[in-house]
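Asker: Just dropping this structure here.
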Amino acid sequence: MHTRRNFILSMTALGTASAAWACPVVPMSEGSVHSILMLNAGCGDSNTPNVFEPAILRISPGDSVTFVPTDAGHNAASKRGMIPEGAKAWNGAVDEELTVEFTVPGVYGYLCLPHYEMGMVGLIVVGDDLSNLPAAKKVRHPGSARKAFRALLKELEV
Ligand SMILES: [Cu+2]
């Protein structure tokens, strides 16, 4: 009876110790509620440290996103200048699960404060309004965040 539970627990322990395993098995989207995992390493790629998974998430207006502290030491905070006008900024506490509702369509850039300079950033696209994309692209970032945001923003153009 407790075999499955033990299995899951050992998988969790393994995931923390080594990033060489597959993505954590959680429902990423259930109806209008979506999950973004905060991880110490990219899914299946131990060479990509500190990531939001998925780094780009497309949702519908009115949907919610839960930032899940799968690994310790991360938070999620919106980046000033990288959210649509009228949208509410957010700033989650480190290691805390945070659910944000997105009602205003547009592009949302966010980051993990402890790993911002290391490039732990992400984008959420609400609806298909990309009108604040040019403004979001103009925002400056330190360290690896510059390259990371540039790569993600570029993906929105295709
Ligand atoms: Cu982080």
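Asker: Given a 1.4 Å probe and every protein chain left where it sits, what share in percent of the accessible area of region 36-155 is carbon and sulfur?
Answerer: It is 48 percent, rounded to a whole number.
Asker: Calculate, for region 36-155, the solvent-accessible area per residue in square angstrom, rolling a 1.4 angstrom probe over the heavy atoms of the protein chains.
Answerer: With all protein chains present, region 36-155 gives 49 Å² per residue.
Asker: Counting DSSP beta bridges with both partners in region 33-97, what percentage is antiparallel, nearest 5?
Answerer: Of all bridge pairs located within region 33-97, approximately 55 percent are antiparallel.
Asker: Report P(r) for region 34-103: all Cα-Cα distances, bin width 5 Å, range 0 to the bin holding the largest distance, values in whole percent.
Answerer: Taking all Cα pairs of region 34-103, the binned fractions are 3, 16, 25, 26, 16, 10, 3, 0 percent.
Asker: Then there's this: Give the aspartates and glutamates reachable from K88 as a straight Cα distance under 20 Å; neighbours fewer than 8 places away on the same chain don't count.
Answerer: D63, E96, E97, E101, D128, D129
Asker: What's the magnitude of the charge dipole for region 62-158 around its Cα centre, counting Lys and Arg as +1 and Asp and Glu as -1 at the beta-carbon? Answer in Debye, nearest 20.
Answerer: 660
Asker: Given 5 Å bins starting at zero, what is the percent of C-alpha pairs of region 36-155 in each, up to the one with the largest pair distance?
Answerer: 2, 12, 24, 26, 21, 12, 3, 0
Asker: Residue by residue through region 54-71, which ³J(HN,Hα) values in whole Hz follow from phi under the Karplus form 6.51 cos²θ - 1.76 cosθ + 1.60 (θ = phi - 60°), with glycine and proline marked x?
Answerer: x, 6, 10, 10, 9, 9, 9, x, x, 6, 10, 10, 9, 8, 9, x, 4, 10
Asker: Could you name the lysines in cross-link range of K137, using Cα to Cα under 16 Å and dropping any fewer than eight places away on the same chain?
Answerer: K137 reaches K79, K147, K154.
Asker: In nm, to one decimal, how far is the A93 label point from the S32 one, both placed 7 Å along Cα→Cβ?
Answerer: 2.8
Asker: Test of understanding: what is the full-extension gain from L130 to T103, defined as 0.36 nm times their sequence separation minus their Cα-Cα distance?
Answerer: Roughly 8.3 nm would be gained on extension.
Asker: Please give me the summed charge of the neighbours of G42: other residues whose Cβ is under 13 Å from its Cβ, Lys and Arg +1, Asp and Glu -1.
Answerer: -3
The values are calculated or read from the model by the stated rules, or taken from the named source; none is laboratory data. Note that the structure is a prediction, hence the values are computed from the model and not measured. So basically every Cβ, Gly included, is an ideal-geometry build from the backbone, and we count neighbours across all protein chains shown. Only protein heavy atoms, including side chains, enter the accessible area calculation; ligands, DNA and RNA are left aside. Shrake-Rupley method; radii C 1.70, N 1.55, O 1.52, S 1.80 Å.
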